[in-house]
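Notes follow the structure.
The values are calculated or read from the model by the stated rules, or taken from the named source; none is laboratory data. No experiment lies behind these values; they were computed from the predicted model shown. Cβ: placed from backbone, ideal geometry, glycine included. Neighbour counts: every protein chain shown.
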Ligand SMILES: Nc1ncnc2c1ncn2[C@@H]1O[C@H](COP(=O)(O)OP(=O)(O)OP(=O)(O)O)[C@@H](O)[C@H]1O
Ligand SMILES: [Mg+2]
């Protein structure tokens, strides 16, 4: 797992994650609208935080996922934390950011009247924190007793989800789509209640048009419909460096755009958000924000 920083765990504390900063989120605003700081604001829907009904609350009850349909692997908490999968430990204060994100996502899907919950996590450019956000969001969704989460690695050029979750895997969604590898062989249960993961295989640059293929559409439908109370979290490639990301965007219910604070140019964020279907952009997660900011 590549590591930009000197001290993984300390930096989780220092470089937290903020959801939907006011300066980047404007309701109905055009790309040229000005933010609080006078800079151009990105046109994405504003999401007001409010006490919300957790997804599926009306249908409370324990969901028992069928783990025998998956390959079980064992992941260790210290290794997960070292890789910044902080939501594996609910007692870490920064996990609250992911709970807020989970609630905002649920609120958005509820407002949109989405029956299914397929979410895509992307960014304008590489290395902004997509995989970290997707993994922690999936871990946080899986903590909600009323649903299960399926985390799917759709960034075929990276295939980093399984290494971030500290397990080996030679097969992933690409193997299912290209070679017909059975679902039970690609789906993994990492020993975390209500979470299933699909990630693995060799990273490939020959993934053109796979994300937009009929097979991809069908498998997403199948994953969505198999269990009604399941959220799908797709770790997607960056918008500006992979044309297929837009094809994937057409198949999901909501999109979370991760922006690395202080690194990504505002123009790139604006361009990426404008390329995505506007009505599906749930909001922007500003990542690696210094704690004092
Ligand atoms: N909030 C954060 N605090 C500290 N480090 C972080 C944070 N978010 C991500 N990182 C680190 O930044 C690096 C890049 O993160 P990540 O792999 O999630 O980005 P990515 O957008 O998925 O990259 P790629 O485009 O290569 O797939 C990783 O080393 C990760 O541990
Ligand atoms: Mg990644």
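Taking residue 150 as the residue in question, decide whether it is more than 12 Å from ligand 2 (Cβ to nearest atom), under 23 Å from residue 191 (Cβ atoms), assigned to a helix (DSSP H, G or I) and in contact with a strand residue (DSSP E or B) (Cβ under 7 Å, 6 or more places away or on another chain). When the stated conditions are applied, residue 150 does not pass them. Between 138, 90, 115, the distinction of being without any contact (Cβ under 8 Å) to a residue 12 or more places away in the chain and either in a loop (DSSP other than H, G, I, E, B) or within 16 Å of ligand 2 (Cβ to nearest atom) (or both) belongs to 115 only. Taking the criterion of being closer than 21 Å to residue 245 by Cβ and either part of a loop (DSSP other than H, G, I, E, B) or away from ligand 2 (no atom under 16 Å from the Cβ) (or both), the residues of the stretch 155-185 that qualify are 155, 156, 157, 158, 159, 160, 172, 175, 176, 177, 178. With a requirement of 3 or more residues that are under 26 Å from residue 94 (Cα atoms) and at pLDDT 90 or above, the strands (runs of 3 or more DSSP E) lying completely within the stretch 187-289 that satisfy it span 195-198, 230-235, 254-260. Any residue in the stretch 220-234 that is buried (at least 23 other Cβ atoms within 10 Å of the Cβ) and within 15 Å of ligand 2 (Cβ to nearest atom)? Taking every residue of the stretch 220-234 in turn, at least one turns out to be buried (at least 23 other Cβ atoms within 10 Å of the Cβ) and within 15 Å of ligand 2 (Cβ to nearest atom). Checked against the criterion of being crowded, with 19+ Cβ neighbours inside 10 Å and away from ligand 1 (no atom under 14 Å from the Cβ), the candidates 80, 119, 139 yield just one match: 119.
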